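The values are calculated or read from the model by the stated rules, or taken from the named source; none is laboratory data. Keep in mind that what you see is a predicted model, and the values were worked out from it rather than measured. Counting neighbours? That spans all protein chains shown, and the Cβs are built from the backbone with ideal geometry, glycine included.
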Amino acid sequence: MPLVSMRQLLDEAAKGGYGVGAFNVNDMEQIQAIMGAAKETNSPVIIQASRGARSFAQDRYLFHLILAAAELNPEIPIAMHQDHGNSFETCKSAIELGYTSVMMDGSLKEDGKTPASFEENVAVTKKVVDFAHARGVTVEGEIGVLGGVEDGHGAGGTGLEHVTDPDQAVEFAELTGVDALAIAIGTSHGAYKFSKKPDGSVLKMDVLIAIHKRLPKTHLVMHGSSSVPKDLQDVINQYGGKLKETWGVPVEEIQLGIRNGVRKVNVDTDNRLAMTGAIRKVLWTQPEKFDPRDYLKPAREAMQKVVAQRMTQFGQAGHAGDYQAVSIAEIAKGYKDGSLSTKPLVAR
Ligand code: G3H
Ligand code: 13P
Ligand code: ZN
């Protein structure tokens, strides 16, 4: 199957009432781990690359690795997504490369650190929507700001500083016409999200539910959705790592989100923890090893296990064969003739 539009994948998820994990990649082993899990569980997938990933792996390497994934797994719908685009230029370059979806994260200014004004966010996101939709490419926007910093990206601070205002979310969706909307509900990127198991005072599922009621046609996106399971933390610390005690987003809260309009669930940290734990274990217990395959193979297997588990928990498992890919050219026609418009967005 060719790469599919993320919009198609999320529309199908909405019909089926499930969520789709969006997993970050930087290298071949991570792509293979995701595809192994997708095959194992018969799941559609979103593979996403941050700006950091694109520069680490180089665009052409990463893009061709994902094309290889599509060629080798024709039965699996794959959307290729730019994660946290910081500018029109970043999104344009991804679209020109062949990505089928982009995130314009206009919640922050182009420096990826400073919160942007509502007007700035609307202007840059709308510009990306116009460019992308004319080419059949999906757009995710963000309103509200997540906590934490990952690889220089993020406003820092806790996730509670810029929780999304539901009225602004409605206005933003109306003004931009985004296909999917990331909202801030108290989560942060990275391993250090919460200092104890989160309750409603720090993880604002009530805000998410309020937004979904007002924007029933817009696919909601949960960022910072790693669960940071204790067993993955323990493996790292058992073999010489130094992670401080921390809590992520419990899977049951994500499942509550999925019952309330969340269609895309971003997970990176859990996979980083799984791979690093597996590598540490080999290097710690078998210090004589020096062939990278001796630790990259267990790392790939550990990531595949986490991804397969999430695919099952999010409900996408079993849905790879539900539909045929609609070409990007057809999708572009749908945006042009209005059949793919998410408006009127608001439940009145
Ligand atoms: O949004 C953050 C993702 O975990 C990607 O992180 O920018 O370090 O590649 P990165
Ligand atoms: P985590 O750091 O919780 O895995 O979040 C990843 C993410 O939101 C990528 O955009
Ligand atoms: Zn994110």
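Descriptive notes on the structure:
- Count - residues of region 88-113 that are touching a Gly at 6+ places or on another chain (Cβ under 9 Å), closer than 23 Å to Val20 by Cα and not in a loop (DSSP other than H, G, I, E, B): 5
- The residue pairs whose first member lies in region 285-310 and is touching a residue at least 40 places away in the same chain (Cβ under 8 Å), whose second member is in a helix (DSSP H, G or I) and among the polar types (S, T, N, Q), and whose beta carbons are closer than 7 Å, counting only pairs six or more residues apart or on different chains, are Arg300/Gln32; Met303/Gln30; Met303/Asn271; Val306/Asn271; Val307/Asn271; Ala308/Thr41.
- Options Leu296, Leu256: the member that is within 30 Å of Ala210 (Cα to Cα), surrounded by fewer than 20 Cβ atoms within 10 Å (Cβ to Cβ), away from ligand 2 (no atom under 16 Å from the Cβ) and of a type in the set (A, V, I, L, M, F, W, C): Leu256
- From the list Gln324, Gln316, the one residue that fits, being in a loop (DSSP other than H, G, I, E, B) and at pLDDT below 95, is Gln324.
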